[in-house]
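**Student:** One structure follows; several queries about it will come next.
The values are calculated or read from the model by the stated rules, or taken from the named source; none is laboratory data. Every value quoted in this text rests on a predicted model; they were computed, and no experiment measured them. Here Cβ is always computed from backbone atoms with ideal geometry, including for glycine, and neighbour counts include all displayed protein chains.
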Amino acid sequence: MWAYWLSVPEHWREIPARYRLEGGQCEDCGFKMIPKRDVCPRCGSKNVKTVKLPRRGRVLEYTKVWNPPRGYEYYTPYVIALVELEDGTRLTAQLTDVDPDEVEEGMEVEMVLRKVRVSGESGLIAYAYKFRPLLK
Amino acid sequence: MRDVYVVGAGLTPVGNHWRLGIRDLAVQASIKAMEAADNPKIDYIVVANALSGIVDGQENLGALISDYLGMIGTPSLKVEAAGASGAAAAVTAAGLIKSGMADNVLLVGVEKMTDYTALEDSNMALSTSIEREYEAFFGATLESLHAMVMRSYMRKYNVEEEAFAAVPVLMHEHASTNPYAQFKFKLKRESYMRSPYLAEPLKLLDAPSIGDGAAAVILSVSPNSPGGAVRVSSWGQATDHVSLYMRKSVTEFPAVRLAVKRALERADLKLSDISFYKIHDSSSVAALIEIEEMGLTERGKAIELVDSEDSRRNGSTPINPDGGLKARGHPLGATGVYQIAETYLQLTDKAEGTQVSGARRALLLSAGGLASNVVVHVLERV
Amino acid sequence: MKPSREVGIVGWGVYVPQWRITSEELARGWGREWKRYAAGIMVEEKSLPGLDEDTFTIAYEASVNALKRARIDPAKIRAVYVGTESKPYAVKTTASILVEALGAGGDARMTTGADYEFACKAGTEAIQTSIGLIGSGMIDYALVVGADTAQGAPGDALEYTASAGGAAFVLGPSSESVAVIKASLSHVTDTPDFWRRQHERYPAHTRSFTGEPAYFKHIMAAAKALMEEVGTTPDDYDYAIFHQPNGKFPLRVGQRLGFTPDKIKPGLITPYIGNTYSGSALVGLSAVLDQAEPGSKILMVSFGSGAGSDAFHIEVTDKVVEVRDLAPKVMDYVNRKRYVDYSTYARYRRMIKMLHDFSSY
């Protein structure tokens, strides 16, 4: 299966979004998205500019994953969540630094950069955003 | 446009076919279907499959299967739309006939899922139907998205986890007499609550298992067949955002709503014209939302229907009389063709063990990914 | 050693992973009696990285915190140095990832960047390099990190102290600084007290030889030479920070130099989180900046095995007060903790492996 080995160019071109939360905003209807798209998914406008998204948000929905895909075995169980950022932008991310049983809807979270996937001992380390409960 | 008929069907049981490869499964089902239709001259082969590239390392299935059927020279191609590949391939195949490009088409759906025996590998293959770079990369699986939909559904409609047992219980009950089913046994509600979590609150018994299988049907411009014919009277298709996070609602499948509406309107039909339904129960909660989106019940009320006698084979609204994805099995890209093949047998009174008596018309729903590509067909007795 | 243009700390920040294991639990893992075996090092518990953490992720969060206090656009940073002996990639600079994550050097990424290694003093070494760049006027701002996910071999004495964490500093002109680095010097000899060979997973060390001829000799020589050059005595300092491989050595070396424990303890963090190696003295300095009054004088002396010491004379300015609360403090991270048992520790440190593990690192 090809996906054992992470594609370097694929991760590399996603770095602005994965490291710095750079997304898109429609200049016509204002809708914000990650990643940036050429066409606004809400109004169809092609005027979409690059914007930096806020680092804080809240958990809309979550699940504790017990049955992982290849490459995520060692992290299991982990939490996948739908997160809504402060400006309303939504994304899918792992939660980290949290007891999976303490996660709840509405939990306030902030972006951190963590290892998301690693290609074995010799391949790429793919860092990207995860979210953790706000530091107290 | 010309009418399209199903004039023959062939199935293999769904399961672990350790000794059969993807080409063997496809060939076995195809030969059965062609023999059932008295071996018409096939103008086109349409192969439905979702995972052969990633699991088998084999693409170019169109040519491969025509080759192994001894039919080289016959035009052939593969159609892919994740879990709805079978139904999408049927749209393609029917289109060839309607347009006059072909008179007889062999439609074969095949999926070989067990060649990698670790769940991690299957999960990775199944994750190809969600958005790779912004869902799967982060560790999300198709199951984990169903799990979030389930938790939202529970909260929104105040439903307990136990209640979802109704879906697998129904599917297993119906599959228990289906000779082609992967799981031919009934399920106790207690077993549901004891089953392990895949992604909380989604449990092992909420979701289909991994299985191999192939189903084939012959689509024809002519209803003349020794085994009888069933008319493909309508179809509808709609798409949605592939990724869950882009959607306005987590507990709705608008593509299901739209595809069903298109299919019914196209043939000027109402739900009351339908004798039974085949839904895409890729998880218990997905089954419930589909039932609601079709308009069979109000939102949040589908469990009552699934739990009642109405959803049984001899009830008023039979759902998945052959056991559905959960218990008949879900060989991903082949499932849509299984639905058509089983419905052909139903509407020609040949559904051994699972016959819905007097059924006239059926609505078939296939939902690829997390209902991001939905295809509906209406089939009726001629 | 003084630059022609005075250089200072514009912002500081730290990060310590939340995971902890107690010395008692580590001893239990090997059937040892904690009180006899490990209590003498005066480290109650240590931090360890989570499965998704490494030196880069630590450096990143510490840097984000330092930038919050520095209140400058990351685009103005023209040098990024990461001092570490646990590089995520043996070859590929951690600094390159940090430059990209922070946007250093602006959209064109016009910045230099490198990883430094000198055992536990790689971070202070990077500070000196940056003093050179800023002090000479080549650049205005540099970002310096000392961070590690230190390796202690299973069952080895280092297992009780080798921990994870780091500190980051935005350095710049003294006029904008919360603390001015008035002078710095270094002392280096070939003293093989501790090392890790190219393809080894865990370091080797020379037990008691790491003390007198290594730690004590180098720190004392550098400290004395710096004080002599600046013209100070221990009495002139409000705080003294020494490399802290355990809880005991910094107090002892301070005492021998003439520093009372009350000047050392505010910057002595190892007893709570273990030895963060390249982060060790720098986390201590951050803890002092978290609380020091304007006008305070600080002596910081790092130590790196192999061996050498970098000494710094630092004076705190009025600006320290206004930026202090802009980011989490050392004690915020120290107090944020979750304990693990030895089996979880072994898993998190990847001392035990899964069959067919494609997520290994």
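**Student:** Just give me the residues in region A:95-114 being more than 7 Å from every other protein chain (Cβ to nearest Cβ) and under 12 Å from the mean Cα position of the chain (by Cα), in sequence order.
**Tutor:** Residues satisfying the conditions are A:95, A:110, A:111.
**Student:** Residues B:162, B:143: which one is more than 9 Å from chain A (Cβ to nearest Cβ), touching a residue at least 12 places away in the same chain (Cβ under 8 Å) and charged (D, E, K, R)? Quick ask: steps written out before the conclusion?
**Tutor:** Details: B:143 fails: more than 9 Å from chain A (Cβ to nearest Cβ).
Just one listed residue meets the conditions, B:162.
**Student:** Examine region C:168-176 for a residue that is at pLDDT 95 or above, farther than 30 Å from residue C:22 by Cα, of a type in the set (A, V, I, L, M, F, W, C) and touching a helix residue (DSSP H, G or I) at 6+ places or on another chain (Cβ under 7 Å), and state whether such a residue exists. Break it down stepwise before answering.
**Tutor:** Within region C:168-176, the first condition is being at pLDDT 95 or above, and the residues that meet it are C:168-176.
Subsequent filtering for residues that are farther than 30 Å from residue C:22 by Cα retains C:170-176.
Filter again for of a type in the set (A, V, I, L, M, F, W, C), leaving C:170-171.
Narrowing the set further to residues that are touching a helix residue (DSSP H, G or I) at 6+ places or on another chain (Cβ under 7 Å) leaves C:170-171.
There is at least one residue in region C:168-176 that is at pLDDT 95 or above, farther than 30 Å from residue C:22 by Cα, of a type in the set (A, V, I, L, M, F, W, C) and touching a helix residue (DSSP H, G or I) at 6+ places or on another chain (Cβ under 7 Å).
**Student:** Based on this model, can you work out whether residue C:149 counts as hydroxyl-bearing (Ser, Thr, Tyr) and more than 30 Å from residue C:321 (Cα to Cα)?
**Tutor:** Values: hydroxyl-bearing (Ser, Thr, Tyr): yes; more than 30 Å from residue C:321 (Cα to Cα): yes.
Judged against the criteria, residue C:149 is a match.
**Student:** Does residue B:317 satisfy the criteria of being more than 28 Å from residue B:148 (Cβ to Cβ), not basic (Lys, Arg) and not in a loop (DSSP other than H, G, I, E, B)?
**Tutor:** Numbers: more than 28 Å from residue B:148 (Cβ to Cβ): yes; not basic (Lys, Arg): yes; not in a loop (DSSP other than H, G, I, E, B): no.
No, not satisfied.
**Student:** If you don't mind, there's one more thing I want to ask. Read through the list (1) closer than 18 Å to residue B:136 by Cα; (2) of a type in the set (Gly, Ala, Ser); (3) more than 9 Å from chain B (Cβ to nearest Cβ), then give the number of the only condition that residue A:81 fails.
**Tutor:** Only one criterion is unmet by residue A:81, namely (3).
**Student:** Can I ask one more? Of all residues in region B:126-137, count the ones that are surrounded by fewer than 24 Cβ atoms within 10 Å (Cβ to Cβ) and in contact with a strand residue (DSSP E or B) (Cβ under 7 Å, 6 or more places away or on another chain).
**Tutor:** Here the count works out to 2.
**Student:** Six or more apart or on different chains, Cβ under 9 Å: which pairs go from a residue in region C:1-12 that's more than 11 Å from residue C:319 (Cα to Cα) to one that's aromatic (Phe, Trp, Tyr)? Could you list them?
**Tutor:** C:12/C:169
**Student:** Have a look at C:165, C:211 and point out the one that is under 23 Å from residue C:253 (Cβ atoms), within 20 Å of the chain's Cα centre (by Cα) and assigned by TED's automatic domain parsing to the domain that holds residue C:61.
**Tutor:** C:165
**Student:** Could you tell me whether any residue of region B:322-339 is touching a Pro at 6+ places or on another chain (Cβ under 7 Å), assigned to a loop (DSSP other than H, G, I, E, B), in contact (Cβ under 8 Å) with a residue 12 or more places away in the chain and of a type in the set (Asp, Glu)?
**Tutor:** No, the conditions are met nowhere in region B:322-339.
**Student:** With respect to residue C:40, determine if the residue is assigned to a helix (DSSP H, G or I), surrounded by fewer than 20 Cβ atoms within 10 Å (Cβ to Cβ) and either on the phi > 0 side of the Ramachandran plot or not polar (S, T, N, Q) (or both).
**Tutor:** Working: assigned to a helix (DSSP H, G or I): yes; surrounded by fewer than 20 Cβ atoms within 10 Å (Cβ to Cβ): yes; either on the phi > 0 side of the Ramachandran plot or not polar (S, T, N, Q) (or both): yes.
Taking the combined requirement at face value, the residue satisfies it.
**Student:** State whether one or more residues within region B:245-252 are crowded, with 24+ Cβ neighbours inside 10 Å and touching a helix residue (DSSP H, G or I) at 6+ places or on another chain (Cβ under 8 Å).
**Tutor:** no
**Student:** For the subset of region C:5-18 comprising residues that are outside any strand (DSSP E or B) and in contact with a helix residue (DSSP H, G or I) (Cβ under 6 Å, 6 or more places away or on another chain), which member is surrounded by the most Cβ atoms within 10 Å (Cβ to Cβ)? Reasoning before the result, please.
**Tutor:** Initial filter on region C:5-18 (outside any strand (DSSP E or B)): C:5-6, C:16-18.
Then keep just the ones that are in contact with a helix residue (DSSP H, G or I) (Cβ under 6 Å, 6 or more places away or on another chain); that gives C:5-6, C:16.
Values: C:5: 14, C:6: 16, C:16: 32.
So the residue we want is C:16.
**Student:** Another question, then. Inside region C:232-344, counting only strands (runs of 3 or more DSSP E) that do not spill past its ends, which hold 1 or more residues that are farther than 21 Å from residue C:149 by Cβ and basic (Lys, Arg)? Can you show your working first?
**Tutor:** Numbers: elements: C:239-242, C:297-301, C:306-316.
It comes to C:297-301.
**Student:** Of everything in region B:141-187, what is assigned to a loop (DSSP other than H, G, I, E, B), within 24 Å of the chain's Cα centre (by Cα) and charged (D, E, K, R)? Give them in sequence order. Break it down into steps so the answer makes sense when it comes.
**Tutor:** Initial filter on region B:141-187 (assigned to a loop (DSSP other than H, G, I, E, B)): B:141, B:158-160, B:176-187.
This time we only want the ones that are within 24 Å of the chain's Cα centre (by Cα), so: B:141, B:176-187.
Residues satisfying the conditions are B:184, B:186.
**Student:** Can you confirm whether region C:153-171 contains a residue that is more than 26 Å from residue C:272 (Cβ to Cβ) and charged (D, E, K, R)? It would help to see each step written out before you state the result.
**Tutor:** Taking region C:153-171 first, the residues more than 26 Å from residue C:272 (Cβ to Cβ) are C:171.
Of the ones still in play, those that are also charged (D, E, K, R) are none.
No, region C:153-171 contains no residue that is more than 26 Å from residue C:272 (Cβ to Cβ) and charged (D, E, K, R).
**Student:** Hey, another quick one. Identify the single condition in (1) under 20 Å from the mean Cα position of the chain (by Cα); (2) of a type outside the set (D, E, K, R); (3) not in a helix (DSSP H, G or I) that residue C:189 does not satisfy, given that it satisfies every other one.
**Tutor:** It fails just one condition, (1).
**Student:** Taking region B:114-125 as the region of interest, how many residues are over 30 Å from residue A:91 (Cα atoms) and either hydrophobic (A, V, I, L, M, F, W, C) or crowded, with 22+ Cβ neighbours inside 10 Å (or both)? Working first, answer last.
**Tutor:** The initial filter retains those residues of region B:114-125 that are over 30 Å from residue A:91 (Cα atoms), namely B:114-117.
Among the residues that remain, those that are also either hydrophobic (A, V, I, L, M, F, W, C) or crowded, with 22+ Cβ neighbours inside 10 Å (or both) are: none.
Residues that pass the stated criteria total 0.
**Student:** If a residue has to be farther than 18 Å from residue C:269 by Cα and touching a helix residue (DSSP H, G or I) at 6+ places or on another chain (Cβ under 7 Å) to count, how many in region C:220-253 make the cut? Steps first, answer last, please.
**Tutor:** First, pick out the residues of region C:220-253 that are farther than 18 Å from residue C:269 by Cα: C:220-237.
If we keep only those that are touching a helix residue (DSSP H, G or I) at 6+ places or on another chain (Cβ under 7 Å) too, we end up with C:220, C:223, C:233-234, C:237.
So the answer is 5.
**Student:** Select from region B:5-48 the residues that are assigned to a loop (DSSP other than H, G, I, E, B) and farther than 10 Å from residue B:105 by Cα and list them in ascending order.
**Tutor:** The first filter runs over region B:5-48 and keeps only residues assigned to a loop (DSSP other than H, G, I, E, B), leaving B:12-14, B:16-21, B:37-43.
Of everything in region B:5-48, those that are assigned to a loop (DSSP other than H, G, I, E, B) and farther than 10 Å from residue B:105 by Cα turn out to be B:12, B:13, B:14, B:16, B:17, B:18, B:19, B:20, B:21, B:37, B:38, B:39.
**Student:** What's the total number of residues in region A:7-40 that are in contact with a helix residue (DSSP H, G or I) (Cβ under 6 Å, 6 or more places away or on another chain) and away from chain C (no Cβ under 14 Å)?
**Tutor:** The number of residues fulfilling the criteria is 2.
**Student:** Sticking with this structure for a sec: Do you know which residues across region C:87-109 are among the aliphatic types (A, V, I, L, M) and either at positive phi or out of contact with any strand residue (DSSP E or B) (no Cβ under 7 Å at 6 or more places or on another chain) (or both)?
**Tutor:** C:90, C:91, C:102, C:108
**Student:** If I filter region B:1-39 down to residues being in contact (Cβ under 8 Å) with a residue 24 or more places away in the chain and among the polar types (S, T, N, Q), which single residue comes out as surrounded by the most Cβ atoms within 10 Å (Cβ to Cβ)?
**Tutor:** B:30
**Student:** Within region A:49-78, how many residues turn out to be closer than 13 Å to residue A:93 by Cβ, within 7 Å of chain B (Cβ to nearest Cβ) and in contact with a Leu (Cβ under 6 Å, 6 or more places away or on another chain)?
**Tutor:** The number of residues fulfilling the criteria is 1.
**Student:** Within the bounds of region C:329-342, is there any residue that is more than 13 Å from chain A (Cβ to nearest Cβ), surrounded by fewer than 24 Cβ atoms within 10 Å (Cβ to Cβ), at pLDDT 95 or above and within 23 Å of the chain's Cα centre (by Cα)?
**Tutor:** no
**Student:** Counting just the residues of region B:83-137 that are more than 9 Å from every other protein chain (Cβ to nearest Cβ) and of a type in the set (D, E, K, R), which one comes out nearest to residue B:333 (Cα to Cα)?
**Tutor:** Within region B:83-137, the match that is nearest to residue B:333 (Cα to Cα) is B:111.
**Student:** Here's a check for you: in region A:38-48, which residue that is over 19 Å from residue A:83 (Cα atoms) and among the charged types (D, E, K, R) is surrounded by the fewest Cβ atoms within 10 Å (Cβ to Cβ)? Don't jump to the end; show me each part of the working.
**Tutor:** Keep residues of region A:38-48 that are over 19 Å from residue A:83 (Cα atoms), which gives A:38-40, A:43-48.
Among the residues that remain, those that are also among the charged types (D, E, K, R) are: A:38, A:46.
Working: A:38: 7, A:46: 11.
That would be A:38.
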